[in-house]
Every structure is written in structure tokens, then in C-alpha cells.
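The values are calculated or read from the model by the stated rules, or taken from the named source; none is laboratory data. Since the model is a prediction, treat every value here as computed from it, not as a measurement. For neighbour counting, all protein chains shown are included, and Cβ atoms are generated from backbone atoms with ideal geometry for every residue, glycine included.
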Amino acid sequence: MKNQLLLSAALASVVSMGVIDTAEAAEKSRKKVAKERCYGITPAGHNDCGNLAGTHSCAGQSTIDNDPGEWRLVNKGSCESLGGMLRKEAKAKFKASQS
């Protein structure tokens, strides 16, 4: 009987450690990571919200892969390494294409 109680206590201890680790991981993931809009990297149908042209205002409505007018949120500082453009550059490119 004592062995069973000891085994149960050990198992409860191991399980609770896993719950604590999971809670700590969830806490870390909740911390805010700075984000920025990155234009020109979005696959068709995977944009975040409206585009520069104003032809739609909802997520998931892009129709062309890597459209320079479509954007998605990425971690701040990673846009250019993904091959995208920040808003100022994308807006200038969009205006130039309209001329």
C-alpha cells in the first residue's frame, strides 16, 4: 500500500511539473512581439486585411501571389529578409505603377 501511495505521489509530481512548464511556455508566448506590415510576400488568399489599392478590405482576399499591394504582419525587422517591403516603399511603388 505504501509503495502505491509513493508511486502515486511521484506520478502527480511529474505531471504537475509538466503543467507548470506548459504554463510558463504559454506565458512567454503571450508576451507582445513587435510586428510590422510587410508588403509583397503574401501568397494569394493569405493577406492580412485591406490592400493599398483599396479594392478589398478583408483578410484572405488577395488573388495574386506576392502582390506588392498586399501585406501580412511579420516580426519587426524581418520583412526585408523575407523579400518584402515596408509600407513607405510599397506605397511609392504602387503610386509609380498608377502613373
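Flag: GLY77 matches the condition of being under 14 Å from LYS35 (Cα atoms) and of a type outside the set (Val, Ile, Thr).
In this entry, SER8 is excluded by the filter for residues that are polar (S, T, N, Q), modelled with pLDDT under 90, exposed (fewer than 10 other Cβ atoms within 10 Å of the Cβ) and part of a helix (DSSP H, G or I). Residues that are surrounded by 14 or more Cβ atoms within 10 Å (Cβ to Cβ), more than 17 Å from ARG87 (Cβ to Cβ), hydrophobic (A, V, I, L, M, F, W, C) and assigned by TED's automatic domain parsing to the domain that holds LEU86 occur in the range 40-49; there is at least one.
Within the range 34-61, the set of residues being part of a loop (DSSP other than H, G, I, E, B) and of a type in the set (A, V, I, L, M, F, W, C) comprises ALA34, ILE41, ALA44, CYS49, LEU52, ALA53, CYS58, ALA59. Residues of the range 65-99 that are small (Gly, Ala, Ser), closer than 18 Å to THR55 by Cα and part of a loop (DSSP other than H, G, I, E, B): GLY69, SER99.
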